[in-house]
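> Attaching a single structure in structure tokens format; questions to follow.
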Amino acid sequence: MQIDLSGRTALVTGSTQGIGFAIAAGLARAGARVAVNGRRQESVEAAIQKLEEDTEGGSFVSAPGDITTDDGARQVIDAVPDTDVLVNNLGIFGTTPPLEISDDEWRRYFEVNVLASVRMIRSFLPGMKDRSWGRIMNVASDSAVVIPAEMIHYGMSKTALLAVTRGFAKDAAGTGVTVNSLIAGPTHTGGVEDFVYELVDPELPWDEAQREFMAKYRPQSLIQRLIEPEEIANMAVYLSSTFASATTGGAVRVDGGYVDSILP
């Protein structure tokens, strides 16, 4: 299967590092022109420089802006108004004892992890419908289905994202636009390394810390390791292609078998 996204413009939010960075690289390797997003111009330019080094011939657009605000979102939208592939990757996570999550934190997780994605879909979906082609992906999490006791507010936001995905997929019915969620499992990123060390002995070497974390906190994983960002990116690239034209309204799992169910 040869995926060719030549002539398509993609926007990946929160793509200066981690999963978003890997998705941006994967889309560029498939031929897409990729808009890289982060809050600061400096971080976006640094990410593009590294992406250009890692992806020979890749085409990238700088799209800085804080999409959790109306002004920041407008700045990003203006940079790539005719986006064909939208990947809502921006998100925050962290651990807090359930009874200590404040009202402000509940709101912040909803606004960053859910409302920012809604704002971007609302902006780009009409144009995709007009062109009779488009791909929208919302990066969710296994935590949407298996709510962690130590991060209920995060799980809530990712569950809401599944509902948002299904609803917008229905709105796009019959238009040639697909809308899907990616249920990403425990993934090896810099931020997750910090998270792991919040839960296990910070003096442990990384390989040992990862094994202890998976055994103690994520024992359901069938691959028994953290997922690499490129593995998430592979699914995102496929869902961006013409080959995935019959996949919409779904919660597509890239979770290493973590979710203990034959359905999401």
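The values are calculated or read from the model by the stated rules, or taken from the named source; none is laboratory data. Just so it is clear, the structure is predicted and the values come from calculations on it, not from any experiment. Using ideal geometry, Cβ is built from the backbone for each residue, glycine included, and neighbour counts are taken over all protein chains shown. Surface accessibility is based on the protein's heavy atoms, side chains included, excluding ligands, DNA and RNA. Shrake-Rupley method; radii C 1.70, N 1.55, O 1.52, S 1.80 Å.
> If you check every pair at least six apart or on different chains, which have Cβ atoms under 7 Å apart with a residue in the stretch 111-135 that is under 11 Å from residue 83 (Cα atoms) and open to solvent by 10 Å² or more (accessible area, probe 1.4 Å) first and a residue that is among the acidic types (Asp, Glu) and at pLDDT 95 or above second?
Listed by first residue and then by second, the contacts come to 127/82; 133/84.
> Restricting the search to the stretch 6-16, which residues are of a type in the set (S, T, N, Q) and either out of contact with any helix residue (DSSP H, G or I) (no Cβ under 8 Å at 6 or more places or on another chain) or modelled with pLDDT under 95 (or both)?
Taking the stretch 6-16 as the starting set, the residues that turn out to be of a type in the set (S, T, N, Q) are 6, 9, 13, 15-16.
Of everything in the stretch 6-16, those that are of a type in the set (S, T, N, Q) and either out of contact with any helix residue (DSSP H, G or I) (no Cβ under 8 Å at 6 or more places or on another chain) or modelled with pLDDT under 95 (or both) turn out to be 6, 9.
> Against the conditions (1) closer than 18 Å to residue 151 by Cβ; (2) open to solvent by less than 50 Å² (accessible area, probe 1.4 Å); (3) not β-branched (Val, Ile, Thr), where does residue 72 fall short? Just the number, please.
Tallying (1) closer than 18 Å to residue 151 by Cβ; (2) open to solvent by less than 50 Å² (accessible area, probe 1.4 Å); (3) not β-branched (Val, Ile, Thr), residue 72 fails exactly one: (1).
> Right, another one. I'm trying to understand the selection: among the residues of the stretch 13-51, which are in a loop (DSSP other than H, G, I, E, B), without any contact (Cβ under 8 Å) to a residue 40 or more places away in the chain and within 15 Å of residue 66 (Cα to Cα)? Before you say what the answer is, go through the steps one by one.
Residues of the stretch 13-51 that are in a loop (DSSP other than H, G, I, E, B), as a first pass: 13-17, 30-32, 37-40.
Of the ones still in play, those that are also without any contact (Cβ under 8 Å) to a residue 40 or more places away in the chain are 16, 31, 38-40.
Selection gives 16, 38, 39, 40.
> Sticking with this one: When you scan the stretch 202-223, do you find a residue that is of a type in the set (A, V, I, L, M, F, W, C), at pLDDT below 95 and under 25 Å from residue 250 (Cα atoms), even just one?
yes
> What are the residues in the stretch 179-234 that are open to solvent by 50 Å² or more (accessible area, probe 1.4 Å) and within 13 Å of the chain's Cα centre (by Cα), if any?
Passing the criteria: 230, 231, 234.
> Would you please list the contacts, defined by Cβ atoms under 7 Å and residues six or more apart or on different chains, that run from a residue in the stretch 60-73 that is outside any loop (DSSP other than H, G, I, E, B) to a residue that is of a type in the set (D, E, K, R)?
Pairs found: 60/52; 61/33; 62/45; 72/66; 73/119.
> Does the stretch 188-239 hold any residues that are assigned to a loop (DSSP other than H, G, I, E, B) and among the hydrophobic types (A, V, I, L, M, F, W, C), and which are they? If you could, list the steps in order and put the result at the bottom.
Residues of the stretch 188-239 that are assigned to a loop (DSSP other than H, G, I, E, B), as a first pass: 188-189, 200-205, 218-226, 228.
Within the stretch 188-239, 200, 204, 222, 223, 226 meet the criteria.
> Sticking with this one: Of all residues in the stretch 136-151, how many are open to solvent by less than 40 Å² (accessible area, probe 1.4 Å), part of a helix (DSSP H, G or I) and of a type in the set (Gly, Ala, Ser)?
Of the residues in the stretch 136-151, the ones open to solvent by less than 40 Å² (accessible area, probe 1.4 Å) are 136-144, 148, 151.
Narrowing the set further to residues that are part of a helix (DSSP H, G or I) leaves 142-144, 151.
Now narrow it down to the ones that are of a type in the set (Gly, Ala, Ser): 143-144.
So the answer is 2.
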